[in-house]
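*Asks:* I'd like to ask you about the structure that follows.
The values are calculated or read from the model by the stated rules, or taken from the named source; none is laboratory data. In this text, all values refer to a predicted model and were calculated from it rather than measured experimentally. All Cβ positions, glycine included, derive from the backbone under ideal geometry; neighbour counts span all protein chains shown. Keep in mind that these areas ignore ligands, DNA and RNA; they rest on the heavy atoms of the full protein, side chains included. Shrake-Rupley method; radii C 1.70, N 1.55, O 1.52, S 1.80 Å.
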Amino acid sequence: MLNLVLFGPPGAGKGTQSARLIEKYQLVHLSTGDILRGEIANGTPLGLEAKKLMDQGILVPDEVVIGMISNKLDSNPGAKGFIFDGFPRTKAQAAALDQLLSEKNTFINAMLALNVNDEELIQRLLSRGKDSGRPDDANPDIIRKRIEEYNAKTAPLIDYYKAQDKYTSIEGVGTVD
């Protein structure tokens, strides 16, 4: 089983690159953002709480996200592997994911990190916001807060995966190829 963590700040191109990896390796895409947006669209209590937090640029609590990931893993028993897009975001989530995968007799093979400078991220997200209708992609102040959250809470995962010799850095600016 091939399990990849696709890593990078909001707007780095995780969704674009995950589509290519999924096609090439027949992986199941696990995007916590998509899962949460689905809950929001369905108007579930989890979705309503997640929307309130996401609109402020705040991360959804770990136990909620871990539970959703576990359910998605269980609902795809014949998968060749999974691509984790936007998860884990903290060292605590990474440790919880490692524990969850260990219980399911698998593990993370690699973390692929897309590197993009902040100004490029802001422009990409503002552009995406024009088409997506997502309020968190339309406001430069919320975008900056999301990038700050990433830098403060998520970027430290690099050291977590480096310590496991699973970290690979990839330039996220240029052509999609």
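*Asks:* Just to be sure, is Gly81 more than 18 Å from Gly33 (Cβ to Cβ) and not charged (D, E, K, R)?
*Replies:* Against the criterion (more than 18 Å from Gly33 (Cβ to Cβ) and not charged (D, E, K, R)), Gly81 qualifies.
*Asks:* Only one residue in Glu119, Glu148, Glu103 is among the acidic types (Asp, Glu), without any contact (Cβ under 8 Å) to a residue 60 or more places away in the chain and touching a Gly at 6+ places or on another chain (Cβ under 9 Å). Which one?
*Replies:* Exactly one residue qualifies, and that residue is Glu148.
*Asks:* Here's something else I'd like to know. Condition first: within 18 Å of Gly13 (Cα to Cα) and surrounded by 19 or more Cβ atoms within 10 Å (Cβ to Cβ). Can you find one or more residues in region 133-140 that meet it?
*Replies:* Yes, because at least one residue in region 133-140 is within 18 Å of Gly13 (Cα to Cα) and surrounded by 19 or more Cβ atoms within 10 Å (Cβ to Cβ).
*Asks:* Moving on to the next point. Do we find a residue being small (Gly, Ala, Ser), surrounded by fewer than 16 Cβ atoms within 10 Å (Cβ to Cβ), part of a loop (DSSP other than H, G, I, E, B) and more than 15 Å from the chain's Cα centre (by Cα) anywhere in region 98-111?
*Replies:* Checking region 98-111: not a single residue is small (Gly, Ala, Ser), surrounded by fewer than 16 Cβ atoms within 10 Å (Cβ to Cβ), part of a loop (DSSP other than H, G, I, E, B) and more than 15 Å from the chain's Cα centre (by Cα).
*Asks:* Quick one: which of Glu120, Glu171 is of a type outside the set (Gly, Ala, Ser), at negative phi and under 18 Å from the mean Cα position of the chain (by Cα)?
*Replies:* After ruling out the rest, the residue left standing is Glu171.
*Asks:* Further question on the same structure: Take the residues in region 26-68 that are under 15 Å from the mean Cα position of the chain (by Cα) and of a type in the set (Asp, Glu), then tell me which one is surrounded by the fewest Cβ atoms within 10 Å (Cβ to Cβ).
*Replies:* Per the stated criteria, the residue is Asp34.
*Asks:* List pairs: first in region 54-76 and on the phi > 0 side of the Ramachandran plot, second at pLDDT 80 or above and basic (Lys, Arg), Cβ under 7 Å, 6+ apart or cross-chain?
*Replies:* Listed by first residue and then by second, the contacts come to Gly57/Lys145; Gly57/Arg146.
*Asks:* Which residue, of Leu114, Leu126, is of a type in the set (A, V, I, L, M, F, W, C) and in contact (Cβ under 8 Å) with a residue 24 or more places away in the chain?
*Replies:* After applying the criteria, what remains is Leu114.
*Asks:* Sticking with this one: Of all residues being surrounded by 19 or more Cβ atoms within 10 Å (Cβ to Cβ) and not charged (D, E, K, R) in region 117-128, which is farthest from Phe7 (Cα to Cα)? Just the residue, please.
*Replies:* My answer is Leu125.
*Asks:* Evaluate region 3-13: report whether one residue or more is of a type in the set (A, V, I, L, M, F, W, C), at pLDDT below 85 and over 17 Å from Lys153 (Cα atoms).
*Replies:* No, the conditions are met nowhere in region 3-13.
*Asks:* I'd like the residue in region 85-97 that is open to solvent by 40 Å² or more (accessible area, probe 1.4 Å) and assigned to a helix (DSSP H, G or I) and, out of all such residues, is nearest to Val173 (Cα to Cα).
*Replies:* That would be Lys91.
*Asks:* If you don't mind, another one. So is Lys145 open to solvent by 20 Å² or more (accessible area, probe 1.4 Å), farther than 16 Å from Thr32 by Cα and not hydrophobic (A, V, I, L, M, F, W, C) or not?
*Replies:* Yes; evaluated as a whole, the condition is true for this residue.
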